Each structure stands twice: as C-alpha cells, then as structure tokens.
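The values are calculated or read from the model by the stated rules, or taken from the named source; none is laboratory data. None of the values given here were measured: they were computed from a predicted structure. Here the Cβ positions follow ideal geometry from the backbone for every residue, glycine too, while neighbour counts run over all protein chains shown.
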Amino acid sequence: MAGDRDLAAAVDEAVGRSQEYFLRSQHPDGYWWGELESNVCMAAEYLLLTHFLGVAEEGRWRKIANYLRSQQRPDGTWSIYHGGPPDINATVESYFALKLAGVSAEEPPMRKAREFVLSAGGVPRVRVFTKIWLALFGQWDWRGVPVLPPEMMFLPPWFPLNIYDFASWARATLVPMLILLNERPICPVPDSARIDELYPAPRDRIDYSLPRPAGWLNWRRFFHAADGLLRRYERVAFMPLRRAAYRAAERWIVSHQEADGSWGGIQPPWVYSLIALKLRGYSLDDPVMRRGLEGFEGAFAVEDDRIFNPQACLSPVWDTALAMIGLLDSELPADHPALVRAGRWLLREQILGGGDWQVKVQGVEPGGWAFEFENDLYPDTDDAAEVLMALARTRLPDEKRRERALARGGRWLLAMQSKNGGWGSFDKDNTQRLANQIPFCDFGEVIDYPTEDVTAHIVEALGLLGHGDSAEVSRALGYLRGEQRPDGSWWGRWGVNYIYGAGAVLPALKAVGEEMTRPYVRRAVRWLIQKQNEDGGWGETCESYEDPRLAGIGPSTASQTAWALLALLAAEPEDDGLCQQAVERGVSYLVERQEEDGQWEEPQFTATGFPGDFYIKYHLYRNYWPLMALGRYRALLGVE
C-alpha cells in the first residue's frame with residue numbers, strides 16, 4: 001500500500017503523542033479508566049433518593065443543582081445526549097429535583113422548561129420509570145403505574161416471564177420493583193416542590209388509566225387487560241404467599257449486592273434496591289444500606305467544589321483492555337512495563353465465581369470479566385472478548401497464569417453462545433421478546449438478545465485464540481452474514497451505530513481468515529466509502545436508532561472515524577483504489593485533529609446503553625480507538 005511520505009511521518013508523530021498520553025495517564029495499579037457520561041437523570045434521581053432515605057445534605061444538593069443547571073439548554077430543556085432533541089423525561093425529573101432543592105419555578109430557565117413540558121403533553125406523557133419516581137413523592141398517582149405481582153419471584157426459569165427471562169440489567173431492576181410497585185409508598189415533599197404546574201389540567205381531572213395499546217389481537221393488548229386483572233387480584237391476594245414473595249425478593253436483592261455497594265454495577269437497580277430495602281425495614285445503619293450509600297460517594301461520583309454527578313456505571317476493565325489493544329496495535333513492545341502492569345491487573349479481575357448466567361449455562365467453570373471494578377455476578381462476553389485479545393498479545397512474567405486465564409476465558413465464551421450463533425452480553429439465549437410487551441416496559445431494552453457487534457468482537461477474540469476454524473465460529477459467521485443489512489452495514493447495539501457495527505464485523509472476519517473479496521464484504525466496504533464525510537472523517541448521530549435512514553450520517557468524530565478505518569483496513573485496501581483513498585483521507589482527518597497532548601476532542605455521544613432511550617459518552621473512546629486505527633495503518637504501510 002503506497003502511502004504519502006508526509007502522511008506517514010505525521011502518523012508516526014500522532015502515534016507517539018497518543019502513546020505518551022496513555023503512558024502518563026495509567027493508574028499506578030495498572031488500569032486505565034475514563035469518565036462514563038450519560039444524562040442528568042442520574043443526578044436528579046440521586047437527589048430524590050437521598051430525600052426518600054432521609055439522608056439529604058444541603059451542600060450535596062447545592063452541587064447537584066449546579067450540575068443540573070449547567071446541563072440545561074438555552075430553551076430550558078434537557079436532552080439525553082449531546083445535540084439531541086429535548087427529552088420530556090429528563091426535563092421533568094430535573095425540574096422536580098431543582099424545585100425540591102429550592103429553585104424557584106419562576107426563574108426564567110424553569111419557566112422555559114415548564115413551557116416545553118406542557119407543550120409535549122405534560123406529566124402524563126412521561127415514561128413509566130419517571131412516573132414511578134414522581135409517585136414516590138406524591139407527584140403522580142400510583143393508579144397510573146403498571147402492576148407487577150411479587151409472586152413472580154416463584155416462577156421457575158422455564159416458565160414464561162420469570163425473572164431470568166429479563167436481561168441482567170432489567171432483572172436487577174425488576175426484583176426491587178416488585179416491592180415498590182406493591183407497597184406504593186409516598187414520601188412527602190414541601191408544597192414548594194410540588195409540580196402541579198406541569199399537568200395539562202387539574203390533577204383531579206387526569207385520567208390515570210394505562211394507555212390502551214393499538215390493535216386487538218396482540219400481546220400488548222393482552223397484558224394491558226392482564227394489568228386490570230392483577231389490580232383486582234391485589235385485593236384478594238393470599239397474604240402468606242405475598243409475604244413469602246416479599247422475603248424472596250429481599251433475599252435476592254441482598255445476595256446480589258456487589259462489594260462496592262452497587263447492584264449490577266449500574267445506577268437503576270442500585271437506587272431501587274435501596275428504596276425497596278428501606279420499605280422492608282432496613283435501617284440506614286444496616287451494612288447493606290451503608291455500603292449502598294457510601295458506594296455512590298466513592299468511585300462513582302464526579303465531584304469538585306461546584307458540582308456532584310453520580311456516574312451510571314464505571315468502565316475500567318473495558319477501558320483498560322481497549323487501551324492495551326491500542327498500544328499493542330501501535331507497536332508498543334508486548335512486554336512494556338505499562339502493558340505488564342495492565343495485564344497483571346486484568347488477570348486479577350478475572351471472575352472465577354458463579355453468577356446469574358449459570359441459570360442457563362451449567363457445568364461450565366466461570367472465566368469471564370465484568371465491565372466494572374466490582375460486578376462479579378455479571379461478567380459480560382464483550383468485555384471478556386476484548387480482555388482476551390489484550391492478554392493474548394501481551395507478554396507477562398507469569399506466562400502459565402496468563403495461558404490458564406486465556407484458556408478458561410475462551411471456554412467460558414464458547415459456552416455462552418446462543419442458539420442462533422450469536423452472543424448476547426450477559427446471558428445465553430435471553431431472547432424472550434414477550435418481556436418487551438408488558439406495560440411496565442416502555443423504556444429501553446429489557447432482553448439481552450445476540451447482537452452483531454458483540455458477536456463480532458467474540459469472533460475476533462476466538463480467531464486470535466486459535467478457534468477460527470471451530471464449529472462455533474462457523475455458526476457465528478452464518479449469524480453475521482444473516483444480520484447484514486441490504487446496504488452492507490451492520491447494526492450496532494452498544495455503539496452508535498451502523499458504523500460501529502461495520503467497525504466490529506470486518507476486523508472479525510479478517511481475524512478468522514474470511515476471504516475479504518467476498519461480495520458481502522465488499523458491500524460493507526462500499527457502504528463505508530459512501531458514508532465518508534467531506535472532511536475525511538465519519539460520523540453518525542444517536543438519531544439513527546430511531547430513523548435507520550440516518551445510518552452513517554452525522555458530524556465526523558474521532559471514535560467513529562477510527563471504527564470506519566478499522567473496518568476498511570481489515571478489508572485489504574491496498575487492492576482497492578477507492579478504499580485506499582478513503583483510508584488515507586480518514587487517517588489525515590485523525591492526524592490533523594489531534595491535540596498537542598495526544599488526545600482528540602469529541603463532545604458527541606458515540607456509545608449506547610439502550611437504543612432510543614439511554615446513550616453514553618466514554619471519555620476515552622476519542623483516544624484509544626484512533627490509536628488503534630493509526631497503529632494498524634502504520635503497520636500496513638510497513639508491509640510494503
């Protein structure tokens with residue numbers, strides 16, 4: 001591949017700056033870890049949680065209010081990602097939290113927020129979870145919240161809609177909800193914090209019945225009718241069974257708390273578990289409650305003298321593995337002290353105990369990795385794949401231990417493959433789509449079905465571990481070919497969006513020896529070339545989840561440009577003139593926009609929690625993905 005000499009020199013300089021950035025930013029323990037930015041609901045709900053638990057602190061509330069104000073837009077609204085449209089849920093929750101913190105509803109920004117909420121239909125139009133938060137404080141009627149019987153705890157794993165039919169993140173939220181939705185507590189707030197003004201009519205004239213689904217013969221209609229039956233059952237429930245169900249939910253919650261005080265390593269089940277345990281009589285001095293509250297104030301908090309914002313999750317394992325791959329791709333020696341420290345830290349993080357995944361995968365020894373510092377019950381396949389790729393290429397003093405970890409992790413990944421050939425993130429065959437139809441689930445995603453991006457990362461890891469010709473990989477390739485869109489792209493579950501999908505799949509195909517001249521591969525290449533922006537980069541907005549016509553369309557970003565480059569570099573661009581030109585333009589985009597400190601600027605959210613509902617900005621995505629792309633480009637130049 002003939003590259004421009006000036007470009008090659010510029011790439012060398014950019015790689016050097018990026019490597020220096022990572023070497024100086026590594027934690028002494030060996031890991032890398034960047035902020036995981038989401039949306040203002042995390043801070044607003046934390047403030048509401050402290051009021052419910054009776055642990056509010058004036059100074060902390062003032063910092064949260066400062067943070068919420070800093071995120072409010074000129075039109076008075078809040079969004080759930082950079083540059084996104086106004087979001088009624090985030091706006092209502094932030095507005096309520098600010099009023100509770102003492103902010104006057106007559107301040108101009110609050111008036112603007114109120115005008116937007118009313119124009120969007122008011123409080124009755126918010127999602128179920130926001131209504132639950134409002135109901136907890138008497139700002140919505142519990143009659144307007146779906147019913148879920150706590151007796152669900154007794155449904156066996158083979159029975160439809162048992163708790164293990166829900167994704168790990170939804171399951172850990174659902175169990176405490178079984179207590180909340182039946183206890184229906186109300187924590188008083190001052191009259192000054194009431195939000196009656198956000199209703200389109202006086203509250204005694206509001207229809208609190210659940211919206212009736214469209215159509216006649218469908219599951220949503222069935223569950224809507226079932227909700228009415230469950231409400232009548234509430235009046236005649238067999239109380240000994242109900243009390244036993246409460247105890248079962250309580251035991252499940254307590255047994256699933258992590259060492260850092262969280263549940264599932266994420267915010268939603270954490271806050272609801274604390275509320276549920278308080279309702280079950282747990283005092284704030286109880287070790288479970290104390291760990292839960294203290295955990296928010298530790299690693300999860302982004303705090304300074306002015307603001308306080310609890311992160312929705314932490315990403316040290318993910319960040320560390322990807323930073324290592326970037327450094328290895330850019331030819332940092334495999335036994336470099338920084339990589340050795342990181343490799344040793346990852347070995348210590350391997351999860352050798354059981355978890356919820358064992359409900360459907362039995363007889364297989366644990367061996368995965370979690371996303372967070374502490375989330376031993378929920379190792380995930382995507383993290384495990386990236387860790388295995390990082391460790392497989394790193395030379396450690398204790399090579400036997402490394403080899404054991406690789407073998408054990410590889411066996412665990414193989415066992416987690418779903419029936420259709422793909423992989424979900426936390427569970428095997430978590431594909432009961434019936435769970436999406438119940439009235440409670442009007443948000444995000446509640447099942448963990450196999451996806452293209454996760455499957456591709458695992459295929460790439462298995463290829464590196466020597467399983468490229470295995471039956472499991474063959475089935476996975478069939479799955480990936482079947483999921484390709486007619487235009488050549490792949491959907492991205494955990495990254496935005498189709499560019500992320502293509503950026504994961506093409507390197508995976510290359511890693512297992514797929515012929516990169518095959519028509520379906522070249523179709524993906526053509527799609528990426530067509531989506532390149534005039535400035536040489538690639539970009540895509542979160543809106544593409546709502547409107548697939550926006551696939552691959554958006555302002556260029558460093559991380560998305562890197563994903564496109566990783567895909568094109570895997571597609572053997574030296575044999576395709578148009579592909580080669582696209583690669584060189586993309587590389588130039590990255591080189592020209594690197595900052596002097598070795599980083600890239602990227603305000604956009606390019607990662608996904610729940611498509612259509614929850615988006616993420618990993619603060620290190622803008623740095624290690626470009627390092628990977630530039631490193632692989634430089635390596636390709638060296639082949640000539």
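As an exercise: evaluate ARG251 against (1) in contact (Cβ under 8 Å) with a residue 60 or more places away in the chain; (2) surrounded by fewer than 20 Cβ atoms within 10 Å (Cβ to Cβ); (3) closer than 19 Å to SER168 by Cα and give the number of the one condition it does not meet.
(1)
Where residues in the range 142-200 are polar (S, T, N, Q) and over 21 Å from SER425 (Cα atoms), which of them is farthest from the chain's Cα centre (by Cα)?
Keep residues of the range 142-200 that are polar (S, T, N, Q), which gives 162, 168, 173, 182, 192.
Pick out the ones that are also over 21 Å from SER425 (Cα atoms) and you get 182, 192.
Details: ASN182: 29, SER192: 36 Å.
So the residue we want is SER192.
I'm checking my understanding of the structure. Among residues of the range 470-481 that are among the small types (Gly, Ala, Ser), touching a residue at least 12 places away in the same chain (Cβ under 8 Å) and in a helix (DSSP H, G or I), which one is nearest to ALA390 (Cα to Cα)? Write out each step before concluding.
So in the range 470-481, the residues among the small types (Gly, Ala, Ser) come out as 470-471, 474, 476, 478.
Retained after the next criterion (residues that are touching a residue at least 12 places away in the same chain (Cβ under 8 Å)): 470, 476, 478.
Now narrow it down to the ones that are in a helix (DSSP H, G or I): 476, 478.
Working: ALA476: 21, GLY478: 26 Å.
Here the residue is ALA476.
Give me a count of the residues in the range 510-542 that are touching a residue at least 60 places away in the same chain (Cβ under 8 Å) and assigned to a helix (DSSP H, G or I).
Number of matching residues: 2.
Under 9 Å between Cβ atoms, which residue pairs at least 6 apart in sequence (or on different chains) link something in the range 267-278 that is under 19 Å from GLY298 (Cα atoms) with a partner that is among the charged types (D, E, K, R)?
Partner pairs satisfying both residue conditions: GLN267/GLU45; PRO268/GLU45; PRO269/ARG171; VAL271/GLU45.
Please verify whether the range 491-509 includes one or more residues that are assigned to a loop (DSSP other than H, G, I, E, B) and among the aliphatic types (A, V, I, L, M). Before you say what the answer is, go through the steps one by one.
Step one: filter the range 491-509 for residues assigned to a loop (DSSP other than H, G, I, E, B), giving 491-494, 496-497.
Within this subset, residues satisfying the condition of being among the aliphatic types (A, V, I, L, M) are 496.
Yes, the conditions are met somewhere in the range 491-509.
Where residues in the range 451-469 are touching a helix residue (DSSP H, G or I) at 6+ places or on another chain (Cβ under 7 Å) and not in a helix (DSSP H, G or I), which of them is nearest to VAL521 (Cα to Cα)?
So in the range 451-469, the residues touching a helix residue (DSSP H, G or I) at 6+ places or on another chain (Cβ under 7 Å) come out as 452-465, 467-468.
From the residues that got through so far, the ones that are not in a helix (DSSP H, G or I) too are 465, 467-468.
Values: LEU465: 23, HIS467: 21, GLY468: 18 Å.
Filtering the range 451-469 for residues that are touching a helix residue (DSSP H, G or I) at 6+ places or on another chain (Cβ under 7 Å) and not in a helix (DSSP H, G or I), the one nearest to VAL521 (Cα to Cα) comes out as GLY468.
Out of everything in the range 201-218 that is surrounded by 15 or more Cβ atoms within 10 Å (Cβ to Cβ) and within 34 Å of the chain's Cα centre (by Cα), what residue ends up being modelled with the highest pLDDT?
My answer is LEU210.
Could you identify the single residue in LEU590, LEU578, LEU569 that is within 20 Å of ASP453 (Cβ to Cβ) and part of a helix (DSSP H, G or I)?
Working: LEU590 fails: within 20 Å of ASP453 (Cβ to Cβ); LEU578 fails: within 20 Å of ASP453 (Cβ to Cβ).
Testing whether each residue is within 20 Å of ASP453 (Cβ to Cβ) and part of a helix (DSSP H, G or I) leaves just LEU569.
Which one of GLY298, GLY281, GLY261 is free of Cβ contacts under 8 Å to residues at least 40 places away in the same chain, more than 17 Å from the chain's Cα centre (by Cα) and either in the same structural domain as HIS27 (by TED's automatic domain parsing) or surrounded by 22 or more Cβ atoms within 10 Å (Cβ to Cβ) (or both)?
On the way: GLY298 fails: either in the same structural domain as HIS27 (by TED's automatic domain parsing) or surrounded by 22 or more Cβ atoms within 10 Å (Cβ to Cβ) (or both); GLY281 fails: either in the same structural domain as HIS27 (by TED's automatic domain parsing) or surrounded by 22 or more Cβ atoms within 10 Å (Cβ to Cβ) (or both).
That would be GLY261, the only listed residue that is free of Cβ contacts under 8 Å to residues at least 40 places away in the same chain, more than 17 Å from the chain's Cα centre (by Cα) and either in the same structural domain as HIS27 (by TED's automatic domain parsing) or surrounded by 22 or more Cβ atoms within 10 Å (Cβ to Cβ) (or both).
Just a yes or no: is a residue in the range 372-380 at pLDDT 95 or above, under 21 Å from ARG395 (Cα atoms) and aromatic (Phe, Trp, Tyr)?
No, there is no match, as no residue in the range 372-380 is at pLDDT 95 or above, under 21 Å from ARG395 (Cα atoms) and aromatic (Phe, Trp, Tyr).
Every residue, every condition in (1) touching a His at 6+ places or on another chain (Cβ under 8 Å); (2) more than 30 Å from ALA193 (Cβ to Cβ); (3) in a helix (DSSP H, G or I), yes or no:
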position: GLU13; (1), (2), (3): no, yes, yes
position: ARG17; (1), (2), (3): no, yes, yes
position: TYR31; (1), (2), (3): no, yes, no
position: ASN39; (1), (2), (3): no, no, no
position: GLU45; (1), (2), (3): no, no, yes
position: HIS51; (1), (2), (3): no, no, yes
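Based on what the data block shows, is VAL587 under 30 Å from GLU514 (Cβ atoms), of a type outside the set (S, T, N, Q) and modelled with pLDDT of 95 or more? Break it down into steps so the answer makes sense when it comes.
Values: under 30 Å from GLU514 (Cβ atoms): yes; of a type outside the set (S, T, N, Q): yes; modelled with pLDDT of 95 or more: yes.
Judged against the criteria, VAL587 is a match.
Checking the conditions here, which among VAL92, VAL126, VAL117, VAL145 is under 28 Å from VAL496 (Cβ atoms), free of Cβ contacts under 8 Å to residues at least 40 places away in the same chain, surrounded by 20 or more Cβ atoms within 10 Å (Cβ to Cβ) and of a type in the set (A, V, I, L, M)? Full working, then the answer.
Working: VAL92 fails: free of Cβ contacts under 8 Å to residues at least 40 places away in the same chain; VAL117 fails: free of Cβ contacts under 8 Å to residues at least 40 places away in the same chain; VAL145 fails: under 28 Å from VAL496 (Cβ atoms).
Selected residue: VAL126, the only one of VAL92, VAL126, VAL117, VAL145 that is under 28 Å from VAL496 (Cβ atoms), free of Cβ contacts under 8 Å to residues at least 40 places away in the same chain, surrounded by 20 or more Cβ atoms within 10 Å (Cβ to Cβ) and of a type in the set (A, V, I, L, M).
In the list ARG485, ARG518, which residue meets the criterion of being surrounded by fewer than 17 Cβ atoms within 10 Å (Cβ to Cβ) and either in contact with a Cys (Cβ under 6 Å, 6 or more places away or on another chain) or not hydroxyl-bearing (Ser, Thr, Tyr) (or both)?
On the way: ARG485 fails: surrounded by fewer than 17 Cβ atoms within 10 Å (Cβ to Cβ).
Matching residue, one of ARG485, ARG518: ARG518.
State all residues of the range 102-114 that are surrounded by fewer than 21 Cβ atoms within 10 Å (Cβ to Cβ) and either β-branched (Val, Ile, Thr) or under 12 Å from LEU68 (Cβ atoms) (or both); if no residue qualifies, say none. If you could, list the steps in order and put the result at the bottom.
Initially, the range 102-114 is screened for residues surrounded by fewer than 21 Cβ atoms within 10 Å (Cβ to Cβ), giving 102-112, 114.
Listed by number, the residues that qualify are VAL103, PRO109, MET110.
Residue-wise test of (1) within 25 Å of the chain's Cα centre (by Cα); (2) closer than 25 Å to SER588 by Cα; (3) in contact (Cβ under 8 Å) with a residue 40 or more places away in the chain.
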| site | (1), (2), (3) |
| --- | --- |
| ARG5 | no, yes, no |
| ALA9 | no, yes, no |
| PHE22 | yes, yes, yes |
| HIS27 | yes, no, no |
| GLU35 | yes, no, yes |
| ALA44 | yes, no, yes |
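Take the conditions at pLDDT 95 or above and in the same structural domain as PRO626 (by TED's automatic domain parsing) and apply them to GLN604. Does it pass?
Numbers: at pLDDT 95 or above: yes; in the same structural domain as PRO626 (by TED's automatic domain parsing): yes.
In short, yes.
When the range 301-335 is examined, which residues are found to be more than 23 Å from ARG408 (Cβ to Cβ) and either among the β-branched types (Val, Ile, Thr) or in contact with a Lys or Arg (Cβ under 9 Å, 6 or more places away or on another chain) (or both)?
Across the range 301-335, the qualifying residues are VAL302, GLU303, ASP304, ASP305, ARG306, ILE307, PHE308, ASN309, ASP329, SER330, GLU331, PRO333.
Scan (1) part of a loop (DSSP other than H, G, I, E, B); (2) among the hydrophobic types (A, V, I, L, M, F, W, C); (3) modelled with pLDDT under 95 for the single condition TRP140 breaks and write down its number.
(3)
Examine the range 427-441 for a residue that is in contact with a Ser or Thr (Cβ under 8 Å, 6 or more places away or on another chain), of a type outside the set (Val, Ile, Thr) and closer than 19 Å to TRP490 by Cβ, and state whether such a residue exists.
Checked against the condition, which is being in contact with a Ser or Thr (Cβ under 8 Å, 6 or more places away or on another chain), of a type outside the set (Val, Ile, Thr) and closer than 19 Å to TRP490 by Cβ, the range 427-441 yields no hits at all.
Give the residue, chosen from GLY76, GLY83, that is in a loop (DSSP other than H, G, I, E, B) and either among the aliphatic types (A, V, I, L, M) or crowded, with 19+ Cβ neighbours inside 10 Å (or both). Write out each step before concluding.
Details: GLY83 fails: either among the aliphatic types (A, V, I, L, M) or crowded, with 19+ Cβ neighbours inside 10 Å (or both).
Sole residue among the options that is in a loop (DSSP other than H, G, I, E, B) and either among the aliphatic types (A, V, I, L, M) or crowded, with 19+ Cβ neighbours inside 10 Å (or both): GLY76.
Are any residues in the range 85-109 aliphatic (A, V, I, L, M), within 30 Å of the chain's Cα centre (by Cα) and within 22 Å of PRO188 (Cβ to Cβ), and if so, which ones?
Within the range 85-109, the subset aliphatic (A, V, I, L, M) is 88, 90, 92, 97-98, 100-101, 103, 105.
From what's left, within 30 Å of the chain's Cα centre (by Cα): 88, 90, 92, 97-98, 100-101.
Residues satisfying the conditions are VAL92, ALA97, LEU98, LEU100, ALA101.
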